[in-house]
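**Student:** Structure below; questions to follow.
Each value in this text was obtained by applying a stated rule to the coordinates, not by laboratory testing. Model, not experiment: these values are computed from the prediction. A quick note on method: Cβ atoms are made from the backbone with ideal geometry, for glycine too, and the neighbour counts reach across all protein chains shown.
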Amino acid sequence: MTQLRPFMPAADTARQFRDALGQFSTGVTVVTAQTPTGPIGMTANSFSSISMDPPLVMWSPAKSSSRFQHFNAAKHFAIHVMASEHEDIAMGFARSGQAFDGLDVELNAQGVPLLGDCLARFECSTYQIHDAGDHAIVLGRVLSAASREGEALIFCQGRFRRFDNRP
C-alpha cells in the first residue's frame with residue numbers, strides 16, 4: 001500500500017492541496033440565474049443538500065469567477081444535476097456563462113433559465129450567503145424540485161467520469 005505524504009496547506013503546497021481535494025468524487029451541476037443583461041450559467045461541483053425542513057441546498061461559487069457577482073446578487077437560481085451524457089453541457093458552462101445555445105431552456109416564474117435536459121433540478125430562492133475564504137457559500141431554499149432516472153456525471157481527479165455501478 002502506498003503511504004500518505006503529509007503536508008501543510010500553504011501557498012507553496014497549493015497544487016498538492018488541490019490534488020488531495022480532487023481525490024473526493026463529486027457530482028456535477030450547472031447553476032443558472034437571470035441577470036439584468038440576460039441568463040447566466042456556471043458549472044459547479046460544490047453542491048450539497050443541507051436541510052429537509054426547511055428544504056435547503058448549498059453551492060459555493062469562487063469569488064475570482066467573472067460570474068460571481070451575478071450569482072451573489074441573484075434572488076433566485078436553479079441547480080441542475082448533470083447526467084453522464086451531459087459532459088458537453090458541463091464543459092460549455094465551465095467555459096462560458098452564456099452556453100445556452102442549442103439547449104432546451106425555458107424561464108420559470110422568477111425568470112430563471114431552466115435546462116430541460118438534466119438528471120435533477122432544484123429551483124431556489126437565495127436563503128443566505130456566507131463568506132468562505134476565496135468562495136461564498138450560497139444557501140438556497142428549494143421552491144420546486146424535479147428528477148428522473150439516470151446515471152450521474154462525476155468529477156474526480158481533475159476530470160469528468162461516469163459512475164461504474166457494477167457489483
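**Student:** Filter the stretch 114-125 down to the residues that are closer than 17 Å to Q34 by Cα and under 15 Å from the mean Cα position of the chain (by Cα), then identify the one that is surrounded by the most Cβ atoms within 10 Å (Cβ to Cβ).
**Tutor:** At the first step, the residues of the stretch 114-125 found to be closer than 17 Å to Q34 by Cα are 114-116, 121-125.
Adding the requirement that they be under 15 Å from the mean Cα position of the chain (by Cα) leaves 114-115, 121-124.
Working: L114: 18, L115: 20, R121: 22, F122: 24, E123: 22, C124: 28.
My answer is C124.
**Student:** If only one of F77, F93 is of a type outside the set (A, V, I, L, M), in contact with a strand residue (DSSP E or B) (Cβ under 6 Å, 6 or more places away or on another chain) and assigned to a strand (DSSP E or B), which one is it?
**Tutor:** Numbers: F93 fails: assigned to a strand (DSSP E or B).
When all the criteria are applied, what remains is F77.
**Student:** Quick check: is even one residue across the stretch 23-35 without any contact (Cβ under 8 Å) to a residue 12 or more places away in the chain, touching a strand residue (DSSP E or B) at 6+ places or on another chain (Cβ under 9 Å) and not aliphatic (A, V, I, L, M)? It would help to see each step written out before you state the result.
**Tutor:** Within the stretch 23-35, the first condition is being without any contact (Cβ under 8 Å) to a residue 12 or more places away in the chain, and the residues that meet it are none.
Looking through the stretch 23-35, none of the residues is without any contact (Cβ under 8 Å) to a residue 12 or more places away in the chain, touching a strand residue (DSSP E or B) at 6+ places or on another chain (Cβ under 9 Å) and not aliphatic (A, V, I, L, M).
**Student:** A further question on this structure: In the stretch 85-102, what residues are surrounded by fewer than 14 Cβ atoms within 10 Å (Cβ to Cβ) and small (G, A, S)?
**Tutor:** Within the stretch 85-102, G102 is the sole residue that qualifies.
**Student:** Where residues in the stretch 41-58 are surrounded by 13 or more Cβ atoms within 10 Å (Cβ to Cβ) and touching a residue at least 60 places away in the same chain (Cβ under 8 Å), which of them is farthest from the chain's Cα centre (by Cα)? If you could, list the steps in order and put the result at the bottom.
**Tutor:** Taking the stretch 41-58 first, the residues surrounded by 13 or more Cβ atoms within 10 Å (Cβ to Cβ) are 41-47, 50-51, 55-58.
In the following step, the residues that additionally are touching a residue at least 60 places away in the same chain (Cβ under 8 Å) were identified as 41, 45-46, 50, 55-58.
On the way: G41: 10, N45: 4, S46: 5, I50: 14, P55: 17, L56: 15, V57: 11, M58: 9 Å.
For the stretch 41-58, the residue satisfying everything is P55.
**Student:** Right, next: Are any of the residues in the stretch 113-122 assigned to a strand (DSSP E or B), within 25 Å of G150 (Cβ to Cβ) and among the acidic types (D, E)?
**Tutor:** Initially, the stretch 113-122 is screened for residues assigned to a strand (DSSP E or B), giving 113-115, 120-122.
Of the ones still in play, those that are also within 25 Å of G150 (Cβ to Cβ) are 113-115, 120-122.
Subsequent filtering for residues that are among the acidic types (D, E) retains none.
Within the stretch 113-122 (the criterion being assigned to a strand (DSSP E or B), within 25 Å of G150 (Cβ to Cβ) and among the acidic types (D, E)), the answer is no, since none of the residues qualifies.
**Student:** Taking into account only those residues within the stretch 28-40 that are closer than 18 Å to L139 by Cβ and under 10 Å from the mean Cα position of the chain (by Cα), which is surrounded by the fewest Cβ atoms within 10 Å (Cβ to Cβ)? Full working, then the answer.
**Tutor:** At the first step, the residues of the stretch 28-40 found to be closer than 18 Å to L139 by Cβ are 29, 31-33.
From the residues that got through so far, the ones that are under 10 Å from the mean Cα position of the chain (by Cα) too are 29, 31-32.
Numbers: T29: 28, V31: 26, T32: 28.
Ranking the candidates gives V31 first.
**Student:** Working only within the stretch 59-74, note down all residues that are assigned to a strand (DSSP E or B) and surrounded by fewer than 21 Cβ atoms within 10 Å (Cβ to Cβ). Full working, then the answer.
**Tutor:** Of the stretch 59-74, the ones assigned to a strand (DSSP E or B) are 59, 62.
Scanning the stretch 59-74 gives a single hit, A62.
**Student:** Give the residues of the stretch 1-47 that are of a type outside the set (A, V, I, L, M), part of a strand (DSSP E or B) and over 14 Å from F155 (Cβ atoms), sorted by residue number.
**Tutor:** Going residue by residue through the stretch 1-47, those that are of a type outside the set (A, V, I, L, M) are 2-3, 5-7, 9, 12-13, 15-19, 22-27, 29, 32, 34-39, 41, 43, 45-47.
Among the residues that remain, those that are also part of a strand (DSSP E or B) are: 26-27, 29, 32, 34-35, 38-39, 41, 43.
Scanning the stretch 1-47 gives T32, Q34, T35, G38, P39, G41.
**Student:** One residue is enough: does the stretch 77-89 have a residue meeting the conditions over 12 Å from the mean Cα position of the chain (by Cα) and closer than 25 Å to H130 by Cα? Explain how you work it out, then say what you get.
**Tutor:** Restricting attention to the stretch 77-89, the residues satisfying the condition of being over 12 Å from the mean Cα position of the chain (by Cα) are 83-89.
Filter again for closer than 25 Å to H130 by Cα, leaving none.
No, the conditions are met nowhere in the stretch 77-89.
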